[in-house]
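Data first, discussion second: the structure below is written as structure tokens.
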Amino acid sequence: MNISPLQAQRLKYVPKLPGMLRHGISEISVKEGSETQSVADQKQIRKLFPNTYGKKEITFEKGVNTSEARKQVVGVILSGGQAPGGHNVVCGLYDALKATNKENVLYGFKGGPSGLLEDNYLIFDDEYIDQFRNTGGFDIIGSGRTKLETEEQFAVAAEVCKKHGITAIVIIGGDDSNTNAAVLAEYFAAHETGVQVIGCPKTIDGDLKNEDIECSFGFDTATKTYSELIGNIERDANSAKKYWHFIKVMGRSASHVALECALETQPNICLVSEEVAAKKMSLAQIADYIADSVAARAAKGMNFGVAIIPEGVVEFVPEFSALIKEINEMLAGSNAESFNALANWKEKYAFIEKGLSRESFCVFASLPETVQQQLFLERDPHGNVQVSLIESEKLFSALVKANLDERKKAGTYKGKFSAQHHFFGYEGRCAFPSNFDADYCYSLGYNAFMLIQYGYNGYLSKISNLSAPAEEWVAGGMPITKMMNIERRHGEDKPVIRKALVELDGKPFRYFEEHRETWAVETCYTYPGAIQYYGPDEVCNLTTRTLALEKGTM
């Protein structure tokens with residue numbers, strides 16, 4: 001296999017473990033904490049998870065290993081979108097498993113949860129796994145988005161585990177995937193299958209976090225990758241001095257990625273979806289806010305700038321959210337067929353005008369035609385608008401241009417405005433993991449096996465104190481049910497892990513809020529550059545600005 005010089009060196013990198021996991025397996029003991037309860041809806045969650053609810057949080061520490069010595073046959077699944085470091089979770093799991101007993105076996109189910117249901121797997125060995133150490137991507141076994149949520153699926157999973165003598169399943173995924181892990185763990189416990197389920201927190205969006213999970217893996221690498229690109233664009237903007245760059249970044253449900261990139265690069269504008277919702281900002285108000293920065297900079301002779309736009313911000317604009325809801329209702333059932341059968345956009349536009357309320361149609365009519373049409377592209381499996389297909393970076397630049405044109409007519413703006421558009425998404429999902437993510441993910445996998453060895457079920461692998469050096473990290477586990485609440489999904493009440501949104505009273509946002517007025521008018525860009533893997537700790541082993549601010553180390 002041909003590999004790059006960097007990959008050759010990264011394969012040799014030895015990830016750092018928390019201090020208590022660096023002892024021999026025989027010297028790792030467990031300390032139990034207090035019993036837990038779900039973050040909300042305690043009675044309902046307890047009723048749904050009678051066998052796995054209310055369990056104790058645990059911490060690993062140096063001491064005599066009291067776990068039962070037995071052969072372990074473990075299955076691992078990568079679930080959902082890719083995130084840098086996923087390979088190292090698998091490698092850490094494999095290494096801990098083999099360090100405990102050379103006879104232990106690790107199955108990798110291919111293509112995500114469907115691999116478990118279809119009994120499609122490989123068995124890891126040293127030669128195969130060594131090709132993937134410290135590399136990006138999920139190609140070690142592939143991933144998928146099949147949900148494990150029905151009794152029929154659970155029964156099939158139990159049969160596959162029984163066939164191979166599997167004692168535990170590790171599911172590496174985000175909030176939905178770990179919700180599925182919790183439900184599967186409950187099924188296995190209720191049916192006395194003897195199979196444990198352990199989850200690992202993954203998502204570059206950063207919204208799988210709480211008082212226990214300080215950071216999901218992949219967030220560090222992805223935001224550093226995006227920040228390098230944004231910094232490059234800022235330098236280009238400051239060199240050419242003739243373009244405003246509108247940059248959309250990942251994050252449909254929360255703005256953690258946008259906020260972290262703003263903290264890293266200090267752009268002129270960064271929208272935060274949670275603030276838009278809290279202030280009930282309209283599209284016109286957002287356009288006016290950005291146009292104020294454009295005009296103020298133009299008055300200083302700076303007809304250039306950079307604006308960061310979260311992927312899902314339009315869903316947080318009340319009037320736009322109402323529009324989407326009406327469109328979903330308008331095209332429900334056979335109406336969708338009638339709409340799709342219309343010959344051209346003019347006929348479809350007339351159909352839309354009749355079907356929307358006056359308020360929503362006014363919002364619709366104010367949108368650029370390209371965005372209007374994006375609202376009627378292919379629907380999701382539930383017949384709803386796919387908001388991720390909306391080019392919000394182009395939407396806001398068009399609204400800003402219209403706003404500036406009005407200011408020109410009024411004689412209050414004399415600058416020049418020309419926009420460039422970017423969307424950074426896939427660029428960050430499979431990057432070489434940073435040292436932080438390489439270490440964190442390896443620790444999560446190693447720790448997951450310790451949870452298995454000690455017999456825990458329905459737990460999430462937990463590594464905390466992440467803003468400190470890896471030696472000081474704390475390893476342990478928490479019941480997945482602790483993170484759950486009840487939400488309305490597709491007309492039904494469902495137990496789900498609560499997504500973590502940007503906290504407007506949190507230290508990261510407050511820091512941003514304190515500085516953004518200056519950034520909006522002045523050129524304060526910072527240029528993070530490429531992720532560094534070798535060199536001084538202050539360059540190579542940085543945590544995110546978000547984590548540093550939250551933990552008071554910045």
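The values are calculated or read from the model by the stated rules, or taken from the named source; none is laboratory data. In this text the structure is predicted, and so the values were computed from the model without any measurement. As a convention, Cβ positions derive from the backbone with ideal geometry for all residues, glycine included, and neighbour counts pool all protein chains shown.
Can you tell me which residue among Phe124, Phe154, Phe219 is over 23 Å from the mean Cα position of the chain (by Cα), over 14 Å from Val90 (Cα atoms) and modelled with pLDDT of 95 or more?
Result of the check over Phe124, Phe154, Phe219: Phe154.
Might you check whether a residue that is out of contact with any strand residue (DSSP E or B) (no Cβ under 8 Å at 6 or more places or on another chain) and at positive phi occurs anywhere in the range 493-508?
Residues of the range 493-508 that are out of contact with any strand residue (DSSP E or B) (no Cβ under 8 Å at 6 or more places or on another chain), as a first pass: 499-508.
The next check asks that each one be at positive phi; those that pass are none.
Taking every residue of the range 493-508 in turn, none turns out to be out of contact with any strand residue (DSSP E or B) (no Cβ under 8 Å at 6 or more places or on another chain) and at positive phi.
Let me confirm something: among Gly455, Gly425, which residue is of a type outside the set (Asp, Glu), within 30 Å of Phe188 (Cβ to Cβ) and surrounded by fewer than 18 Cβ atoms within 10 Å (Cβ to Cβ)?
Going through Gly455, Gly425 in turn, just one is of a type outside the set (Asp, Glu), within 30 Å of Phe188 (Cβ to Cβ) and surrounded by fewer than 18 Cβ atoms within 10 Å (Cβ to Cβ): Gly455.
In the range 69-115, what residues are of a type in the set (Lys, Arg) and touching an Asp or Glu at 6+ places or on another chain (Cβ under 9 Å)?
The answer is Lys71, Lys98, Lys110.
Each row is one residue, and each column tells you yes or no for (1) assigned by TED's automatic domain parsing to the domain that holds Asn180; (2) touching a residue at least 60 places away in the same chain (Cβ under 8 Å); (3) of a type in the set (S, T, N, Q).
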| site | (1), (2), (3) |
| --- | --- |
| Arg10 | no, yes, no |
| Pro15 | no, yes, no |
| Glu35 | yes, no, no |
| Ser38 | yes, yes, yes |
| Gln42 | yes, no, yes |
| Thr52 | yes, yes, yes |
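What is the number of the single condition among (1) closer than 18 Å to Ala402 by Cβ; (2) in contact (Cβ under 8 Å) with a residue 60 or more places away in the chain that Glu319 does not meet?
(2)
Here is a yes/no grid of residues against (1) surrounded by 14 or more Cβ atoms within 10 Å (Cβ to Cβ); (2) under 26 Å from Ser255 (Cα atoms):
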{"residue": "Gly355", "(1), (2)": "yes, no"}
{"residue": "Gln373", "(1), (2)": "no, yes"}
{"residue": "Val385", "(1), (2)": "yes, yes"}
{"residue": "Glu391", "(1), (2)": "yes, yes"}
{"residue": "Ser397", "(1), (2)": "yes, yes"}
{"residue": "Lys401", "(1), (2)": "yes, yes"}
{"residue": "Asp405", "(1), (2)": "no, no"}
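Taking the condition surrounded by fewer than 14 Cβ atoms within 10 Å (Cβ to Cβ) and either more than 31 Å from the chain's Cα centre (by Cα) or more than 30 Å from Val521 (Cα to Cα) (or both), does Gly333 pass? Lay out the reasoning, then the answer.
Values: surrounded by fewer than 14 Cβ atoms within 10 Å (Cβ to Cβ): yes; either more than 31 Å from the chain's Cα centre (by Cα) or more than 30 Å from Val521 (Cα to Cα) (or both): yes.
Against the criterion (surrounded by fewer than 14 Cβ atoms within 10 Å (Cβ to Cβ) and either more than 31 Å from the chain's Cα centre (by Cα) or more than 30 Å from Val521 (Cα to Cα) (or both)), Gly333 qualifies.
Among Gly174, Gly144, Gly80, Gly112, which is of a type outside the set (S, T, N, Q), closer than 17 Å to Arg429 by Cβ and surrounded by fewer than 21 Cβ atoms within 10 Å (Cβ to Cβ)?
When all the criteria are applied, what remains is Gly144.
What about Tyr440, is it closer than 14 Å to Gly199 by Cα, surrounded by 22 or more Cβ atoms within 10 Å (Cβ to Cβ) and among the aromatic types (Phe, Trp, Tyr)? I'd like the intermediate steps shown before the answer.
Numbers: closer than 14 Å to Gly199 by Cα: no; surrounded by 22 or more Cβ atoms within 10 Å (Cβ to Cβ): yes; among the aromatic types (Phe, Trp, Tyr): yes.
So Tyr440 does not fit the description; no.
Can you list the helices (runs of 4 or more DSSP H) found entirely within the range 95-197 that contain at least 2 residues being small (Gly, Ala, Ser)?
Qualifying helices (runs of 4 or more DSSP H): 113-117, 151-164, 175-190.
If a residue must be touching a Ser or Thr at 6+ places or on another chain (Cβ under 9 Å) and either of a type outside the set (A, V, I, L, M) or outside any strand (DSSP E or B) (or both), how many such residues does the range 27-58 contain?
18
Report every pair of residues separated by at least 6 positions or lying on different chains whose Cβ atoms are under 8 Å apart, first residue within the range 183-196 and among the aliphatic types (A, V, I, L, M), second in a helix (DSSP H, G or I).
Val183/Phe154; Leu184/Phe154; Leu184/Ala157; Ala185/Ile480; Val195/Ala158; Val195/Cys161; Val195/Phe188
What helices (runs of 4 or more DSSP H), lying completely within the range 258-343, carry at least 3 residues that are farther than 30 Å from Gly415 by Cα and not assigned by TED's automatic domain parsing to the domain that holds Gly415? Give the steps one after another, and end with the answer.
Details: elements: 273-278, 283-299, 318-330, 335-340.
Here the list reads 318-330, 335-340.
In the range 365-381, is there at least one residue being touching a Phe, Trp or Tyr at 6+ places or on another chain (Cβ under 8 Å) and over 17 Å from Leu283 (Cα atoms)?
yes
Residue-wise test of (1) outside the structural domain of Glu61 (by TED's automatic domain parsing); (2) of a type in the set (Phe, Trp, Tyr); (3) surrounded by fewer than 15 Cβ atoms within 10 Å (Cβ to Cβ); (4) in a strand (DSSP E or B).
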| position | (1), (2), (3), (4) |
| --- | --- |
| Asn485 | no, no, no, yes |
| Pro495 | yes, no, no, yes |
| His515 | yes, no, yes, no |
| Ala520 | yes, no, no, no |
| Tyr525 | yes, yes, no, no |
| Pro528 | yes, no, no, no |
| Ile531 | yes, no, no, no |
| Gly535 | yes, no, yes, no |
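Does Ala470 satisfy the criteria of being more than 21 Å from Val257 (Cα to Cα), of a type in the set (A, V, I, L, M, F, W, C) and touching a residue at least 60 places away in the same chain (Cβ under 8 Å)?
Details: more than 21 Å from Val257 (Cα to Cα): yes; of a type in the set (A, V, I, L, M, F, W, C): yes; touching a residue at least 60 places away in the same chain (Cβ under 8 Å): yes.
It is true that Ala470 is more than 21 Å from Val257 (Cα to Cα), of a type in the set (A, V, I, L, M, F, W, C) and touching a residue at least 60 places away in the same chain (Cβ under 8 Å).
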